[in-house]
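The values are calculated or read from the model by the stated rules, or taken from the named source; none is laboratory data. Since we're looking at a predicted model, the values are computed, not measured. Neighbour counts run over all protein chains shown; Cβ positions are idealised from the backbone, glycine included. Accessible surface areas use protein heavy atoms only, side chains included; no ligands, DNA or RNA. Shrake-Rupley method; radii C 1.70, N 1.55, O 1.52, S 1.80 Å.
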Amino acid sequence: MARKHRIPQVALFIETSMAFGRGLIEGIVQYVDEHGPWAIQFEERGLEGPTPKWLKGWQGNGIISRTATSSLARAIRATGRPTVELHRVRGIHVDIESDHNLVGQMAAEHFLNRGLREFGFFAFGETTWIPLRRDGFVRALAASGHDCLLYEPPNRRPISLPHWEERQRTHVARWLRGLPQPIGILCAEDVHAMRLLEVCRACGIAVPEQIAILGVDNDAVVCSVANPPLSSVDLDSRLMGYEAAALLARRMAGRSLHGETHYIPPSHIATRQSTDILAIADPDVAGAVRFIRENAHRRIQVSHVITEIGLSRRTLERRFRQCLGRSVKAEILRVQIDNAKLLLTQSNLSIEAVGKRCGFPIFKYFGQIFRRETGVTPRGFRQMRRIPPRAFLSGDTKYNF
């Protein structure tokens, strides 16, 4: 008699209290929709939630976890089941995580493209990915000839949330008041950026005019309720969840052992008011940059920018290079390619439609230029940086991503 096929039973230990964790779960569910079925067992929990009693003696097939406590780590190991780990903590190998170095690089580029020439990094706590994001930011700035001012807690002791109010009135406020302005500050996480915004308001520091603040995680709720709304690096947690499920499927089939860590690049920077600044001292160059950003999709040429600003081409090009280190034509192309990257990652538009919307009416030309500038084709970029959008997560509940 043929043996009946058994649906894999998979346990998820992922926090539902944060947007990042919910994004991971959405990506996992999408993978199951496409390649399953799996019988998924999970419960609402925080990142440091307790170890459930049912895990002892559990006879399932695999586990996907963001382990933050030693007790949960021990319990998971004791099951002997194939596991994919998504949380970087001391003593635990992480299988899939964000490319924290690239987070720092993207943040540096974001600030540099706004004309900022002073930079800082702010974080509190002892999370293991903080120095990775910081070092990526510092290295990218150094490569462009810039230094970064790092916040150092007094006596090098990290700030804990219960003591935040006391610190914001003293040490953090003093650090902010001593910074050169205008300055762009990368915060290790959105919650850190929210705290820094609070201090700026208390000190009467204008954001983004004096200090532009960028977070990491792109938690839509947190970023929207911030005052002003917070720009943030999107870590693409859905893609991380999808890849985690794919890796677990291979491990449950005996095709993949524990080895190197797989790094998922952030998808984009969601720009909101907290970094909506053009810190360019030359008003004509600032006007030219603003005009380019607003009209790059209209197939504008350098001649259109010259007409708008009212300077000779030689004068504008010279002053443009002095301020931004690149030509007017290069800035037009940079904005067009950045817009194309965002649409390829975040929309369902065909590649041809993306090209047209970004100022490339000829499909073949768009592909050639995009590959020259990025090293990959538009299709290849889309495949690397996103997973297909889902219409339904469960039942009749519709989700639009």
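The eigenvalues of the Cα gyration tensor, multiplied by 5 and square-rooted, give region 1-152 an equivalent ellipsoid with semi-axes of 39, 18, 12 Å from largest to smallest.
Binning the C-alpha pair distances of region 343-388 at 5 Å intervals from 0 yields a P(r) profile of 5, 26, 34, 26, 9, 1 %, listed from the shortest bin outward. Just the protein heavy atoms count here, and of the accessible area of the chain at 1.4 Å, carbon and sulfur take up 49 percent.
With every protein chain kept in the model, how would you rank LEU343, LEU55 by accessible area, 1.4 Å probe, largest at the top?
Largest to smallest exposure gives the sequence LEU343, LEU55.
Each of ALA142 and SER350 was given a label point 7 Å from its Cα along the Cα-to-Cβ line. The distance between the two points is 4.8 nm.
The GluC sites (Glu not before Pro) of region 166-244 that DSSP puts in a loop, and whose beta carbon has at most 12 other beta carbons within 10 Å, are GLU209.
Modelled spin labels at ARG290 and GLU43, positioned 7 Å past Cα toward Cβ, are 5.6 nm from each other. With a Förster radius of 51 Å, plug the Cβ-Cβ distance of ARG357 and VAL89 into 1/(1 + (r/R0)^6) and report the FRET value to the nearest 0.05. Efficiency, from the Cβ-Cβ distance: 0.75.
Between the amide H of THR83 and those of ILE63, distances stay under 5 Å, these residues lying 5 or more places away or on another chain, with hydrogens modeled in the peptide plane. Its relative contact order, with pairs defined as Cα atoms under 8 Å and 6+ residues apart, puts the chain at 15 percent. For region 223-326, trypsin sites (Lys or Arg not before Pro) meeting the loop criterion (DSSP other than H, G, I, E, B) and having at most 14 other Cβ atoms within 10 Å: ARG255, ARG299, ARG326.
Pairs of Cα atoms nearer than 8 Å and 6+ residues apart set the relative contact order; for region 6-128 it is 23 percent.
Annotation: per residue accessible area for region 44-150 equals 44 Å², rounded to a whole number [probe 1.4 Å, protein chains only]. Segment ARG314..HIS262, full-extension length gain: 14.0 nm, with 0.36 nm per residue of separation and the alpha-carbon distance subtracted.
Under 11 Å from a label point 7 Å along Cα→Cβ of GLN9: give me every residue in region 62-81 with its amide N that close. Counting backbone N atoms under 11 Å from the label point, the list is 62. Projected area of region 255-391, taken from the Cα convex hull and averaged over every viewing direction, in nm²? With the hull built on Cα positions only, its mean projection is 11.9 nm². Here the Debye sum runs over all C-alpha atoms of the chain as equal scatterers in vacuum, and log10 of I(q)/I(0) at q = 0.07, 0.10, 0.13 Å⁻¹ comes out as -0.39, -0.76, -1.18.
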